[in-house]
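A quick write-up on the structure given underneath.
The values are calculated or read from the model by the stated rules, or taken from the named source; none is laboratory data. Just so we're clear, the structure is a prediction, and the values are computed from it rather than from any experiment. No Cβ is skipped: glycine too gets one built from the backbone with ideal geometry, and neighbour counts run over all protein chains shown. Side chains included, ligands, DNA and RNA excluded: accessible areas come from the protein's heavy atoms. Shrake-Rupley method; radii C 1.70, N 1.55, O 1.52, S 1.80 Å.
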Amino acid sequence: MCIRDSTNWAAWIYAIATNRIIDASFGYFIMPILSVMLGFLFFKELLNKKRIFSIFLVIFSILYLIIMSYQSLPWIGLIVAISWALYNLIRKKINVDTDVGLLIESLYILPFALVVFYLITLNGQNDFQLSNPSMMLFIFLAGPMTVIPLFLYVRGVEKCGLGPTGMIFYITPTLQFLLGYFYYDEPFSIEKLVSFTFIWIAVIVYLKDLYETN
């Protein structure tokens, strides 16, 4: 789980630093559908024709990008999606309280974080200083802004199936895509437009099915 956390966040930070927010949003768009598939494979969650169709569209969109434009394949998004979907699967399988689980994950990450902090300080790149109180505040808020949503999401995974909880995450990639395209003016090729269109259709189909079944 700590591997998921570090892998997912490292990929996301790299996406921001290299102007690939749209590629990262691709991963968050397909992650819930992957969770639906894993929910069926490991927990025997219901998988009707519409949900099978959604999974097929996601797989097809990835294959389309590989065939049509291998270089434009959003590898960052795939790393984000796969690592997060596997994290959901593991948390669902492990019978441990949410707060205890997050504590164990944090303890696993702590040694690596200490090494990183030491290297940052050693290279003179530490921005957590009294001379810059506004930056100190933002860095301080990064902790609760990460832990609180993760705590609530993990609690949702424990209480519900992987499919329903995964669909909530479509708020995130939608805002990411809009931010990357309209604000940061990131490139968006025709191949990616076609691939995203298939994914958006898959999302609409599954959301409609979820609404009807509930």
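Side notes on the structure shown:
- With the cut-off at under 20 Å, measuring from each backbone N in region 18-47 to a point 7 Å along the Cα-to-Cβ line of T174 picks out 21-36.
- Calculated [222 nm] ellipticity per residue, helices only, for the chain: -26500 deg cm²/dmol; basis is -39500 (n - 2.57) per DSSP H run with n ≥ 4, divided by all residues, nearest 500.
- For K44, the lysines whose Cα comes closer than 25 Å to its Cα, not counting residues fewer than 8 places off in the same chain, are K92, K93, K159, K208.
- Around S61: net Lys/Arg minus Asp/Glu count, Cβ-Cβ under 15 Å: -1
- Simple spin-label estimate for F53 and M136 gives 5.7 nm between the two label positions (7 Å along the Cα-to-Cβ direction from each Cα).
- When nucleic acids and ligands are ignored and a 1.4 Å probe is applied, I66 ends up with an accessible area of around 70 Å².
- Measuring with a 1.4 angstrom probe and ignoring ligands and nucleic acids, M136 comes out at about 40 Å² accessible.
- Springs join every pair of Cα atoms under 10 Å in this Gaussian network model of the chain, and among G101, G77, G27 the largest mean-square fluctuation is at G101.
- Region 95-141: Rg to Rh, with Rh as the Kirkwood radius over Cα pairs: 1.14
- Total formal charge among the other residues, if their Cβ is under 13 angstrom from that of Y184, Lys/Arg +1 and Asp/Glu -1: -2
- Among N48, N19, N126, the largest mean-square fluctuation in a Gaussian network model of the chain, built with springs joining Cα atoms closer than 10 Å, belongs to N126.
- For the options L38, L103, L78, a Gaussian network treatment of the chain with springs between C-alpha atoms closer than 10 Å singles out L103 as fluctuating the most.
- The stretch between L107 and T121 holds 2.9 nm of extra length on full extension. This uses 0.36 nm per residue minus the Cα-Cα distance.
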